[in-house]
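Here is the structure we will look at, set down as structure tokens.
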Amino acid sequence: MIPIGDDNSDRHLTPMVNYILIAINILVFIFFQGMGSNLDFTYAFSTVPAEILRGEDIATNGLQPTPVPVYLTLITAMFMHGGWAHLGGNMLFLWVFGDNIENRMGHARYLAFYLLCGIIASLSHVFISGANSENSLIPSLGASGAISGVMGGYMLLFPSRKVRVFMGRGVGEVPAFVALGIWIVFQVISGMGMLGGSEGGGGVAYAAHIGGFVAGLLLVKLFDRGANKRSVLKT
């Protein structure tokens, strides 16, 4: 099942931040990553666990010099992808679910929530990878961790909301918790975007996704402004 839409009948805010996040991800992949061909840029701005843990740039094993402080790669890696399928899958889920979260939080709160969940997800990946010297030098990238945070927030705020999904033989509706379960499975399979399009280190990406999802569950109430309450004149 592939989510293609949800109930937006209560949305009153144009999700400009969500649109901008999607646009940035697409533009970075096309113009900076060269649709996957510019490996120098990709390796330079991806998150390398060993670099984060040591606090220093590592230019070895094919890694490129990072022209920004290595800690900033926790953010830059969030806007890069390992291929069209990786980009398309992430952006589809962000398009379907992100607008509802932005509607509840407002623009600035949603942006902060998104970035914070992504950073926590990447740190989960970093610390798990740090236990394996081989995996600690494998760059990672992708918006999956941040979007997992959005999914966690959506699960808590809208567990029963109807989501339209493509089910092979047609389009149907399922509760949000079913669609989000599929999202988690999809992310575990496709991974966080390890370079080369493959999972590495058995369960490392899974830890990153769980980190983002749990962060979303725990943080959403701190950023939530509550449902919009419009005044109504009773006659």
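The values are calculated or read from the model by the stated rules, or taken from the named source; none is laboratory data. As the structure is a computational prediction, the values presented were derived from the model and not from experiment. All Cβ positions, even for glycine, are placed from backbone atoms using ideal geometry, and neighbour counts span all protein chains on display.
Screening GLY62 on (1) within 27 Å of ILE4 (Cβ to Cβ); (2) surrounded by fewer than 17 Cβ atoms within 10 Å (Cβ to Cβ) shows it passes everything except condition (1). Scanning segment 158-176 for residues that are assigned to a strand (DSSP E or B), free of Cβ contacts under 8 Å to residues at least 24 places away in the same chain and under 22 Å from the mean Cα position of the chain (by Cα) turns up just one, PRO175. Among the helices (runs of 4 or more DSSP H) confined to segment 1-105, the ones with at least 1 residues that are at pLDDT 95 or above, over 14 Å from the mean Cα position of the chain (by Cα) and over 29 Å from ILE128 (Cα atoms) are located at 16-27, 84-105. Against the list (1) assigned to a loop (DSSP other than H, G, I, E, B); (2) over 25 Å from TYR71 (Cα atoms); (3) not β-branched (Val, Ile, Thr), the condition ASN132 fails is (2). Flag: GLY168 matches the condition of being at positive phi and among the small types (Gly, Ala, Ser). Looking at this structure, is THR47 in contact with a strand residue (DSSP E or B) (Cβ under 8 Å, 6 or more places away or on another chain) and more than 16 Å from ILE24 (Cβ to Cβ)? Considered against the rule, which asks whether it is in contact with a strand residue (DSSP E or B) (Cβ under 8 Å, 6 or more places away or on another chain) and more than 16 Å from ILE24 (Cβ to Cβ), THR47 comes out as yes. Just to be sure before I move on: is ALA112 at pLDDT below 90 and either buried (at least 24 other Cβ atoms within 10 Å of the Cβ) or over 22 Å from ASP6 (Cα atoms) (or both) in the structure I sent? It is false that ALA112 is at pLDDT below 90 and either buried (at least 24 other Cβ atoms within 10 Å of the Cβ) or over 22 Å from ASP6 (Cα atoms) (or both).
Residue by residue, here is whether (1) closer than 22 Å to ILE22 by Cβ; (2) modelled with pLDDT of 90 or more; (3) surrounded by 23 or more Cβ atoms within 10 Å (Cβ to Cβ) holds:
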| residue | (1), (2), (3) |
| --- | --- |
| MET155 | yes, yes, no |
| PRO159 | no, yes, no |
| VAL174 | no, yes, no |
| GLY181 | no, no, no |
| VAL188 | no, no, no |
| GLY191 | yes, no, no |
| GLY200 | no, no, no |
| GLY203 | no, no, no |
| SER231 | no, no, no |
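Which one of these is over 23 Å from THR14 (Cα atoms) and either touching a residue at least 12 places away in the same chain (Cβ under 8 Å) or not hydroxyl-bearing (Ser, Thr, Tyr) (or both): ILE101, ILE128? One residue alone meets the criteria, ILE128.
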